[in-house]
Structures are given as C-alpha cells and as structure tokens.
1. I'd like the Kirkwood hydrodynamic radius of the chain, using the inverse of the mean 1/r over distinct C-alpha pairs, in Å.
2. Given points 7 Å out from each Cα along the Cα-Cβ axis, report the Ala83 to Ser49 separation in nanometres with one decimal.
3. Angle check, please: helix 2-22 long axis (alpha carbons) against the longest principal axis of the chain (alpha carbons), in degrees 0 to 90, nearest 10.
4. Cα to Cα, under 12 Å, and not fewer than 8 places away if on the same chain: which aspartates and glutamates meet these conditions relative to Lys6?
5. Take the Cα radius of gyration of region 1-46 and divide it by 2.2 N^0.38 Å, with N its residue count; two decimals is plenty.
6. If I compute solvent accessible area with a 1.4 Å probe over the protein chains, what percent of it on the chain is carbon and sulfur?
7. Just from its helices, what would the mean residue ellipticity at 222 nm be for the chain, if runs of 4 or more DSSP H residues each count -39500 (n - 2.57) and the sum is divided by every residue, rounded to the nearest 500 deg cm²/dmol?
8. In nanometres, what is the gap between the two model label sites at Leu64 and Trp93, each 7 Å from Cα along Cα-to-Cβ?
Amino acid sequence: EIMEIKHGRAAMLGFLHVIALHAGIRVPGYLSTSMDLKFEDVPAGCFASLEAVPTAGWLQIMILTCMQESGTGFASKPQTEDAEAGDIALDSWVRYDDPEVKTFKLNAERQNGRAAMMGITGCLIHELLGVDALYPTGGLGGAAPPTIF
C-alpha cells in the first residue's frame, strides 16, 4: 500500500513533467552553471530531457529523494507504524478528521496515482516507438505519425 502511494506520487510528478515540457513551460535560470546549461535548453522528449541533466544533478535529486524518504528532508518525517500509509508530511499539512472525507481523499489520490502510472508508461512507450509522447497520432494537426519500421 505504501509503495503504491509512493509510485503513484512519483508518476504524477513525471506525467506533469511531460505535460509541462511539451507545453513549453521552462523554469528561468541555469540547470548547471558550470556546463552553461539553462532550463530552456532541456529538450521536450521524455528520455532526451532525462539525458540532458548532468550526473551531478541526478545525484542531487537522488540525495533529496533519500532524505525525504528517510524523514530528514524538508517538510517530511519518517513513515511510522502508527501513521497512515504515505503520511510523511509534517503536522502543518491538512489531515481530515471526518472518516468519510478522509477515505474519499485517499482513494482519489490512489486512483490518480494509478492513472498517472499508466499515463507515464504510455508516454515512455510512445517515445520508444519513435512517436510523440503526448500526441502519438501526429498531434493536434491530425498529421499521420512517422513510420517506425
């Protein structure tokens, strides 16, 4: 149960990443000042954007992820046996006292996570097949996709 929630949250972030990059949304500034790499220079493809990030950047991301997972990062605490699955936020985060509302919210998060896991998997497969991650049939213009064989 905990792993499904964590994977769902990661998939939701990944799918939003794909949508944001395809929409042309870029954070201003530098991704790496030593490599003179700006955020706007990162390509829109799922795999191309992953490959554009320098190794030191991936190490920073992994360290932050491990810190959040262990409860030593910002705005997080370790998962405990007496807490609900996935409840690693500090006490300042909203928690629902009404059991019906709480069940609804947790189920909505799980369902959105499941949908995002399918969505990001589909985007990755489309890109591996050589078509656009979000518009595999040629995009909004209705053009035929490129042949892959």
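The values are calculated or read from the model by the stated rules, or taken from the named source; none is laboratory data. Only a predicted model underlies this, so the values are computations on that prediction, with no experimental measurement involved. Positions of Cβ are generated from backbone atoms using ideal geometry, with glycine treated the same way; all protein chains shown enter the neighbour counts. These area figures cover heavy atoms from the full protein model, side chains too; ligands, DNA and RNA do not enter into them. Shrake-Rupley method; radii C 1.70, N 1.55, O 1.52, S 1.80 Å.
1. 17.9 Å
2. Taking the simple label geometry, Ala83 and Ser49 are separated by 2.9 nm.
3. 30 degrees
4. Within reach: Glu69, Asp87, Glu109.
5. Its radius of gyration relative to the 2.2 N^0.38 Å reference: 1.45.
6. Working: 6760 of 10410 Å².
Using a 1.4 Å probe with all protein chains present, the chain comes out at 65 percent carbon and sulfur.
7. Per the formula, -17000 deg cm²/dmol.
8. In this crude label model, Leu64 to Trp93 measures out at 1.6 nm.
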